[in-house]
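Undergrad: I'd like to ask some things about the structure below.
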Amino acid sequence: MTKQKVLGSMFEQFTRMMFSRIIAGLARTLHEEDFSVAQIAALHLVDQEGPMRVTALAASLGLSASAGSRLADGLVQRGLLAREEDPEDRRAKTLALTPLGRRFVDQASVERVRVIMETARSLPADVPAAILSAVRSFRGE
């Protein structure tokens, strides 16, 4: 699909609206919880990927190994991540969500779904079908 067809399409308008609402919620969380975007991204990456080494986390975030290590240290100190022995290399450590980290990510997911459902309910009745059609078009169905 060309840039011109995407911009202004119902699907693009919908995703833009969703992104605006989700990012506004993220901004509130950053302010209220004193997090950086990279810290929240790190928690969600560890949630999605499972335990991972600091170097892999840093690479996923476009950070140097030392910056990734400092970011991880801050999340470990806050009790959101834990360092564990890497089962494949006992000399290395991996990062995993703690129960507190799991609660944070789960609450963020509940809030994101709430925002999406609230937004979807506010749409005219014909829009969800048009969005589904656009998604199928993007997937080549």
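Undergrad: Taking the Cα centre of region 1-113 as the origin and placing charges on Cβ (Lys, Arg +1; Asp, Glu -1), which of 31, 92, 104 is farthest toward the positive end of the dipole?
TA: 31
Undergrad: Please state the equivalent ellipsoid semi-axes for the chain: what are the square roots of 5 times the Cα gyration tensor eigenvalues, largest first, in whole Å?
TA: Details: eigenvalues 247, 64, 37 Å².
Those come to 35, 18, 14 Å.
Undergrad: Can you list the equivalent-ellipsoid semi-axes of region 52-92, largest first and in whole Å, using the square root of 5 times each Cα gyration tensor eigenvalue?
TA: On the way: eigenvalues 54, 41, 11 Å².
Here the semi-axes work out to 16, 14, 7 Å.
Undergrad: In addition: Cα gyration tensor of region 91-141, axes a ≥ b ≥ c as square roots of the eigenvalues: rounded (a/c below 1.5), prolate (a/b > b/c) or oblate? Present the calculation step by step, with values, prior to reporting the outcome.
TA: Numbers: a/c = 8.43, a/b = 1.89, b/c = 4.46.
Since a/c reaches 1.5 but b/c is at least a/b, the shape of region 91-141 is classed as oblate.
Undergrad: Multiply the residue separation of residue 16 and residue 36 by 0.36 nm, subtract the distance between their alpha-carbon atoms, and state the gained length in nm to one decimal.
TA: Working: separation 20, 0.36 × 20 = 7.20 nm, distance 2.24 nm.
Full extension from residue 16 to residue 36 adds 5.0 nm.
Undergrad: In nm, to one decimal, how far is the modelled label at residue 121 from the one at residue 64, with both set 7 Å along Cα→Cβ?
TA: If labels sit at residue 121 and residue 64, their model points lie 4.9 nm apart.
Undergrad: Dipole magnitude of the chain about its Cα centre, charges +1 at Lys/Arg Cβ and -1 at Asp/Glu Cβ only, in debye to the nearest 20?
TA: Roughly 300 debye for the chain.
Undergrad: Once fully extended, how much extra length lies between residue 27 and residue 89, figured as 0.36 nm per residue of separation less the alpha-carbon to alpha-carbon distance?
TA: Length gained between residue 27 and residue 89: 18.5 nm.
Undergrad: Choose one of 22, 125, 72: the residue whose Cα lies farthest towards the positive end of the charge dipole of the chain (beta-carbon charges +1 Lys, Arg; -1 Asp, Glu; about the Cα centre).
TA: 125
Here, each number is a calculation from the coordinates, and none is a lab measurement. Only a predicted model underlies this, so the values are computations on that prediction, with no experimental measurement involved. For neighbour counting, all protein chains shown are included, and Cβ atoms are generated from backbone atoms with ideal geometry for every residue, glycine included.
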